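Let me begin by handing over the structure; questions about it come next.
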Amino acid sequence: MIDSIRGSVEKTTDSTIYIRIGPVVVCILVPGYFIRSVSAGQEVDIPVYLHLQMEGNRIVPLIVGFPEVRDRKFFERFISVSGVGVKAAVKALEKPPHRIAAAIASEDFDYLTTLPGIGMKRARQIVAGLQEQMKKMYGEASSGRAASGVGVEAKAVLRQLGVPVTESDELIETACGELGEEARTSDIVKRAMRNRSRQ
């Protein structure tokens, strides 16, 4: 069992990083949210998940990398859902696991269906299979200013504007951090929508 890999990043592609370990270069699949933080020449020490996949009559090893062990644990639970394979899971994880976990915990199907390859049917399967586990691993979806009085008001307005619950939490936290503790609901909503348009 391979637990982690340490080395220098040779190059990256859309979903793969190539890590040099001495004379060997290892090809590692990584989710979208992680690969955006990795660049050639960077020294990394990452937890990995090893999967042996059957292709015809041969076994092909797939190594998936993560920025931290907690993300690997999320991935292991994510692929336990029927119909969610390793490659499909890597493709779906365009957003950080804590955001996806919050969406699962709060039954935010709108957010889950924005993930690549996840339709409504699959989103419902994921929530049915993982909701309680995600609550235990990551806690409730709302926290910090998003759960405060003005946060709840701002979230309700953002929801009316079509912003998914999980995304609104992050937008509100960011807006509050920029505006300060005394920010009004209207100011938070304006800043949140402005920040969203820039993403």
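The values are calculated or read from the model by the stated rules, or taken from the named source; none is laboratory data. Being a predicted model, the structure only gives us computed values, none of them experimental. Here the Cβ positions follow ideal geometry from the backbone for every residue, glycine too, while neighbour counts run over all protein chains shown.
Does Pro116 satisfy the condition of being buried (at least 18 other Cβ atoms within 10 Å of the Cβ) and in a loop (DSSP other than H, G, I, E, B)?
Answer is no for this residue.
Sticking with this one: Just the residues that are farther than 20 Å from Ala102 by Cβ and of a type in the set (Val, Ile, Thr), please, taken from region 151-188.
Thr185
While we're here: Check region 173-185 and report whether any residue there is at pLDDT 85 or above, in a helix (DSSP H, G or I) and not assigned by TED's automatic domain parsing to the domain that holds Val81.
Looking for residues that are at pLDDT 85 or above, in a helix (DSSP H, G or I) and not assigned by TED's automatic domain parsing to the domain that holds Val81, one finds at least one in region 173-185, hence yes.
Looking at region 149-172, which of the residues that are surrounded by 16 or more Cβ atoms within 10 Å (Cβ to Cβ) and assigned to a loop (DSSP other than H, G, I, E, B) is modelled with the lowest pLDDT?
Result: Pro164.
Starting from residues that are within 10 Å of the chain's Cα centre (by Cα) and of a type outside the set (Gly, Ala, Ser), keep the ones in region 91-114 and report whichever is modelled with the highest pLDDT.
Across region 91-114, the extreme among qualifying residues is Leu93.
Can you tell me which residue in region 35-49 is nearest to Val69 (Cα to Cα), limited to those that are touching a residue at least 40 places away in the same chain (Cβ under 8 Å) and surrounded by 17 or more Cβ atoms within 10 Å (Cβ to Cβ)?
Here is the first cut: in region 35-49, the ones touching a residue at least 40 places away in the same chain (Cβ under 8 Å) are 45-48.
Keeping just the survivors that are surrounded by 17 or more Cβ atoms within 10 Å (Cβ to Cβ) gives 46-48.
Working: Ile46: 8, Pro47: 6, Val48: 8 Å.
Filtering region 35-49 for residues that are touching a residue at least 40 places away in the same chain (Cβ under 8 Å) and surrounded by 17 or more Cβ atoms within 10 Å (Cβ to Cβ), the one nearest to Val69 (Cα to Cα) comes out as Pro47.
If the Cβ limit is 6 Å and pairs must be 6+ apart or interchain, which residue in region 1-24 that is in contact (Cβ under 8 Å) with a residue 60 or more places away in the chain pairs with which residue that is of a type in the set (D, E, K, R) and buried (at least 16 other Cβ atoms within 10 Å of the Cβ)?
Close Cβ pairs satisfying both conditions: none exist.
Suppose we filter Lys121, Lys73 for residues that are surrounded by fewer than 17 Cβ atoms within 10 Å (Cβ to Cβ), in contact (Cβ under 8 Å) with a residue 60 or more places away in the chain and outside the structural domain of Val9 (by TED's automatic domain parsing); which single one remains?
Testing whether each residue is surrounded by fewer than 17 Cβ atoms within 10 Å (Cβ to Cβ), in contact (Cβ under 8 Å) with a residue 60 or more places away in the chain and outside the structural domain of Val9 (by TED's automatic domain parsing) leaves just Lys73.
A further question on this structure: Can you work out which of the residues in region 87-99 that are hydrophobic (A, V, I, L, M, F, W, C) and surrounded by 18 or more Cβ atoms within 10 Å (Cβ to Cβ) is farthest from Lys135 (Cα to Cα)?
Val90
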